């Protein structure tokens, strides 16, 4: 997984998804993208929602320290297409904090 994220050159957004994330969760595109650059950054396969395409979800932090849950897929191995994002739940935040204490970077 880390090798794939390292190859990404840009982000791709569907304007409808970006608007929905802003309206529903108050998150900007920039905040969602920041998660991919701040450590620790935990990534998991989203097998339940990967019927049409391979999807992943990430737990990470914005530059301001806001904990986010971001659903994404890859396009042509050089783009990350963000599908959805929201603030972490309490359980996700606890798991993320546990990973941070353990020095985890990626988890598949």
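All of the numbers you see were taken from the coordinates with simple rules; none came from a lab. Nothing here was measured: the structure is a model prediction, and the numbers come from that model. Note that we place each Cβ from the backbone using ideal geometry, even for glycine, and neighbour counts take in every protein chain shown.
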#### Entry: Potential extension, residue 64-residue 38 segment - 0.36 nm per residue separation minus Cα distance
8.3 nm
### Query
For 23, 82, what's the fewest-to-most ordering of other Cβ within 10 Å of each Cβ?
23, 82
